[in-house]
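The structure under discussion appears below in the form of structure tokens.
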Amino acid sequence: MPPGQPCILWIGGGYSKNNLNIVKKTSPIEKRNSYRINLPKIESTFTLMEFGNSSIGKLKNRNFNGVIEDLSIGGLKFLTSFEFPVKYNIIIKINFTFYGELFDLKGKIMRREDYIKGKSISYGVQFVDLSVKDITRLNLAIHNFQVENRGKIG
């Protein structure tokens, strides 16, 4: 648009010149780039690899068990009783078997959800440094799982 021209914003059948209407946020914006599928709980092992804070460095290479709840080509969500802060740029290695394929992937902890009932903590992970081979295998496994379970999982 050339400088000095009025801005026209089209909203619901009308328009306003030089006037921005405030639009209410009706639903949260999805920040993920990939669609996640819900899974029957998949047992997995996680290894703490890197930290943005040296004070928790003693946890490096520590393994813990968890259960993967959902999965996409871009990341996953897992439950565990192990508790650690997400603010320290934590990188983990995730080892699991899904749809007959063994995966050993690297991911960054992006968020944490504490549950009041029970002792589980949920962590959201974004995969990092995936090889083309891993992306292809994961994509194929997710596709095959979806085809086989179409209509069975909600």
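Just to be sure I understand the filter: pairs with C-beta atoms under 7 Å, separated by 6 or more residues or on different chains, first member in segment 97-115 and at positive phi, second member surrounded by 13 or more Cβ atoms within 10 Å (Cβ to Cβ) and not acidic (Asp, Glu). Which pairs pass?
99/141; 99/144; 99/145
Please pick out the residue among 94, 73, 142 that is modelled with pLDDT of 95 or more and buried (at least 16 other Cβ atoms within 10 Å of the Cβ).
Residue meeting the stated conditions: 94.
Here's a check for you: in segment 122-139, which residue that is touching a residue at least 40 places away in the same chain (Cβ under 8 Å) and either touching a Leu at 6+ places or on another chain (Cβ under 7 Å) or of a type in the set (Lys, Arg) (or both) is surrounded by the most Cβ atoms within 10 Å (Cβ to Cβ)? Reasoning before the result, please.
Within segment 122-139, the first condition is being touching a residue at least 40 places away in the same chain (Cβ under 8 Å), and the residues that meet it are 122-127, 135, 138-139.
Subsequent filtering for residues that are either touching a Leu at 6+ places or on another chain (Cβ under 7 Å) or of a type in the set (Lys, Arg) (or both) retains 122, 125, 127.
Working: 122: 17, 125: 24, 127: 21.
Only one residue fits best here, namely 125.
Restricting attention to segment 56-92, and to residues there that are in a loop (DSSP other than H, G, I, E, B) and among the polar types (S, T, N, Q), which single residue is farthest from the chain's Cα centre (by Cα)?
61
Restricting the first residue to segment 68-89 and requiring it to be aromatic (Phe, Trp, Tyr), which pairs with a second residue that is part of a loop (DSSP other than H, G, I, E, B) meet a Cβ separation below 6 Å and a spacing of at least six or different chains?
88/51; 88/52; 88/53
Given the conditions (1) modelled with pLDDT under 85; (2) more than 21 Å from residue 120 (Cβ to Cβ), and given that residue 38 satisfies all but one, which numbered condition is not satisfied?
(2)
The values are calculated or read from the model by the stated rules, or taken from the named source; none is laboratory data. In this text the structure is predicted, and so the values were computed from the model without any measurement. FYI the Cβ positions are ideal-geometry reconstructions off the backbone, even for glycines, and counts take in every protein chain you see.
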